[in-house]
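*Asks:* The structure's right below; bear with me while I get my questions together.
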Amino acid sequence: MTRRLTTLSLFLCLLVFACPQVCFADEPVADSELMLGLAFRDHMILQRGIDLPIWGTAPADAAVTVAYDGQSKTTTAGNDGKWRVTLDPLMATKLASADTKPEGKAMTVSAKHRGKTLSIKLSDLVVGDVWLCAGQSNMAGKLRGKGTYQGEIANYPGYRHWTSSTEGGWNVCSPETAGLFNKTAFYFGRDVYRESLIPTGIVVAAVGGSMIEPWLNQEPHEKGKHYTQFIEPLVGMGIRGIVWYQGESNANKSTPYRPLLTSLIEGWREAWGQGDFPAYYVQLPGYGERKNELGNKPGWPALRQDQLDTLAVKNTGMAVTIDIGDKSVHPPNKVDTGKRLARLALYHDYGFTKQAPSGPLYQSHKINGPEIHIKFKHAQGLMVAEKEGLNAPKPVEDKPVQCLMLKDKQGKWHPAEGRIEGENLVITSAQVPMPMAARYAYFAHPAGPLLYNKDGLPASPFTTERDEKDD
């Protein structure tokens, strides 16, 4: 007997459970008496290398057994019907190629109670890495939507996707199913999968137009509605780390973004209890007309600075996207966004360290008379370049560094010039003989050319003014 719960009933359930492939033995019982957590479906990716929780509900005091890959774990359902077992760490098998089909195995869950037995069988479960991708519309958008670059989509049987906003199952990547994947998450996971050859699962929880506050779960913030609805039902599910793309709805708010993003990362880590798992996020791209003035979006540069500053949190990384923005708040190029997120994970978590994990990141500065010298991280091969579409940035030697400003002693900002000295940037202005602070690309959508490193990754916008205040 197979029964699907409606989306509405799923969200009304406290733990948001599902009930795939229910098989009866002995006397029949109601199918609602044995359920698995919502994400436990056919074709699921199970997180490798950790104690792996499996949970659900059953009749009170029922003996529940979970069997998978030679392991068998038994527990007793509580008075509230909830049960949880923990499988010993599982190992993933590296694939010969991205189109190699991994060996999927069946998981059987059975409950015995008063002479009745109910069982659930899941098929084609594979051990690998699971990444939880969350945020607002730029994370929620599907590949089948408008303005999508659809290239390089193939049959990847070890690459799979599931979203917490529906009751659907896991999608195994193919040209036929790829349209169901979320754009940014798809390109991130695809590159991680193709490079690492480790089976990869993408779990997406995203709400268009959402601010960050409803996703929080840590004091002094109450649990937000999006956290309760989409994240809390997944807590405990084995994951490799999280990917976050949000900030547009917070950009013009007065509340600083850095403590909010820090709270989200630390709060989710605390809830999972897996330690300081990786947390990678997208710095907001350019938005609106390309011009080197603040215009009517003054909050966007400040929020990007907050995102840059959040890199102080342990085991985090930021994909800089200032060069792939659009007049729309939904830039169509999610390919480069996903690739840059994947670069972070591949560098930090999979040992691909021959290329930089990100573009140049402001590290420190020194005021030397009329000059401000900027020191970066990841600035090997610092260059001025321009990027068009999906093409790699093209170096331009006949154009100076753009988007620079210096602050004078009266607090006024002036356009400035810059020159590259090795891996450093030197900024000057004839109008500012005694500069107090410097800015780079500190506009809603700066007009280039922009700064890149030799790997074609853009430098993050920054202001040294906040660094001065922090000192």
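*Asks:* Please work out which residue is farthest from E248 (Cα to Cα), limiting yourself to the range 288-331 and to residues that are charged (D, E, K, R) and either outside any helix (DSSP H, G or I) or free of Cβ contacts under 8 Å to residues at least 24 places away in the same chain (or both).
*Replies:* Step one: list which residues in the range 288-331 are charged (D, E, K, R), which gives 289-291, 293, 297, 304, 306, 309, 314, 323, 326-327.
In the following step, the residues that additionally are either outside any helix (DSSP H, G or I) or free of Cβ contacts under 8 Å to residues at least 24 places away in the same chain (or both) were identified as 289-291, 293, 297, 314, 326-327.
Numbers: E289: 16, R290: 17, K291: 19, E293: 19, K297: 11, K314: 24, D326: 13, K327: 13 Å.
Restricting to residues being charged (D, E, K, R) and either outside any helix (DSSP H, G or I) or free of Cβ contacts under 8 Å to residues at least 24 places away in the same chain (or both), the top hit is K314.
*Asks:* So if I check each of G135, G189, G115, which one is touching a residue at least 12 places away in the same chain (Cβ under 8 Å), surrounded by 15 or more Cβ atoms within 10 Å (Cβ to Cβ) and on the phi > 0 side of the Ramachandran plot? Break it down stepwise before answering.
*Replies:* Numbers: G189 fails: on the phi > 0 side of the Ramachandran plot; G115 fails: surrounded by 15 or more Cβ atoms within 10 Å (Cβ to Cβ).
Result: G135 is the single residue among G135, G189, G115 that is touching a residue at least 12 places away in the same chain (Cβ under 8 Å), surrounded by 15 or more Cβ atoms within 10 Å (Cβ to Cβ) and on the phi > 0 side of the Ramachandran plot.
*Asks:* Let me ask you something else. When the range 37-56 is examined, which residues are found to be under 21 Å from P102 (Cα atoms) and part of a loop (DSSP other than H, G, I, E, B)?
*Replies:* We begin by selecting, within the range 37-56, every residue under 21 Å from P102 (Cα atoms); these are 39-50, 52.
Listed by number, the residues that qualify are A39, F40, R41, D42, H43, M44, R48, G49, I50.
Matching residues to (1) assigned by TED's automatic domain parsing to the domain that holds S97; (2) in contact with a strand residue (DSSP E or B) (Cβ under 7 Å, 6 or more places away or on another chain); (3) at pLDDT below 95; (4) more than 21 Å from N182 (Cα to Cα):
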| residue | (1), (2), (3), (4) |
| --- | --- |
| R240 | no, yes, no, no |
| V243 | no, yes, no, no |
| P259 | no, no, no, yes |
| I265 | no, yes, no, yes |
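*Asks:* Regarding I212, is this residue out of contact with any strand residue (DSSP E or B) (no Cβ under 8 Å at 6 or more places or on another chain), within 21 Å of D306 (Cα to Cα) and among the hydrophobic types (A, V, I, L, M, F, W, C)? Can you show your working first?
*Replies:* Working: out of contact with any strand residue (DSSP E or B) (no Cβ under 8 Å at 6 or more places or on another chain): yes; within 21 Å of D306 (Cα to Cα): yes; among the hydrophobic types (A, V, I, L, M, F, W, C): yes.
When the stated conditions are applied, I212 passes them.
*Asks:* Of the residues K377, K387, which single one is among the basic types (K, R), over 24 Å from P331 (Cα atoms) and surrounded by fewer than 23 Cβ atoms within 10 Å (Cβ to Cβ)? Don't jump to the end; show me each part of the working.
*Replies:* Values: K387 fails: over 24 Å from P331 (Cα atoms).
One residue alone meets the criteria, K377.
*Asks:* Turning to a different aspect of this structure: For the range 389-471, list the strands (runs of 3 or more DSSP E) that sit wholly inside it and hold at least 3 residues that are in contact with a helix residue (DSSP H, G or I) (Cβ under 9 Å, 6 or more places away or on another chain) and not assigned by TED's automatic domain parsing to the domain that holds G288; which are they? Quick ask: steps written out before the conclusion?
*Replies:* Working: elements: 404-407, 413-415, 417-421, 424-428, 437-440, 450-452.
Qualifying strands (runs of 3 or more DSSP E): 437-440.
*Asks:* Turning to a different aspect of this structure: Out of G288, G295, G317, which single residue is closer than 23 Å to T464 by Cβ and either of a type in the set (F, W, Y) or modelled with pLDDT under 95 (or both)? Give the steps one after another, and end with the answer.
*Replies:* Values: G288 fails: closer than 23 Å to T464 by Cβ; G317 fails: either of a type in the set (F, W, Y) or modelled with pLDDT under 95 (or both).
Checking each option against the conditions leaves just G295.
*Asks:* Would you tally the residues in the range 57-81 being more than 18 Å from V126 (Cα to Cα) and in a strand (DSSP E or B)?
*Replies:* Count: 8.
Rundown of residues vs (1) under 24 Å from R290 (Cα atoms); (2) among the acidic types (D, E), yes/no style:
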residue: L346; (1), (2): no, no
residue: H365; (1), (2): no, no
residue: E371; (1), (2): no, yes
residue: K387; (1), (2): yes, no
residue: K407; (1), (2): yes, no
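*Asks:* Would you confirm whether or not the range 89-112 contains a residue that is farther than 24 Å from V172 by Cα, outside any strand (DSSP E or B) and in contact (Cβ under 8 Å) with a residue 12 or more places away in the chain?
*Replies:* Initially, the range 89-112 is screened for residues farther than 24 Å from V172 by Cα, giving 110-112.
From the residues that got through so far, the ones that are outside any strand (DSSP E or B) too are none.
Within the range 89-112, not a single residue is farther than 24 Å from V172 by Cα, outside any strand (DSSP E or B) and in contact (Cβ under 8 Å) with a residue 12 or more places away in the chain.
*Asks:* Still on this structure: Where residues in the range 196-225 are out of contact with any Leu (no Cβ under 9 Å at 6 or more places or on another chain) and in a helix (DSSP H, G or I), which of them is nearest to R343 (Cα to Cα)?
*Replies:* Restricting to residues being out of contact with any Leu (no Cβ under 9 Å at 6 or more places or on another chain) and in a helix (DSSP H, G or I), the top hit is P214.
*Asks:* Scan the range 131-142 and tell me whether some residue there is within 17 Å of the chain's Cα centre (by Cα), modelled with pLDDT under 95 and small (G, A, S).
*Replies:* yes
The values are calculated or read from the model by the stated rules, or taken from the named source; none is laboratory data. This structure is a prediction, so every number in the text was calculated from the model and none was measured. Ideal geometry is used to build each Cβ from the backbone, glycine not excepted, and the neighbour counts take in all protein chains shown.
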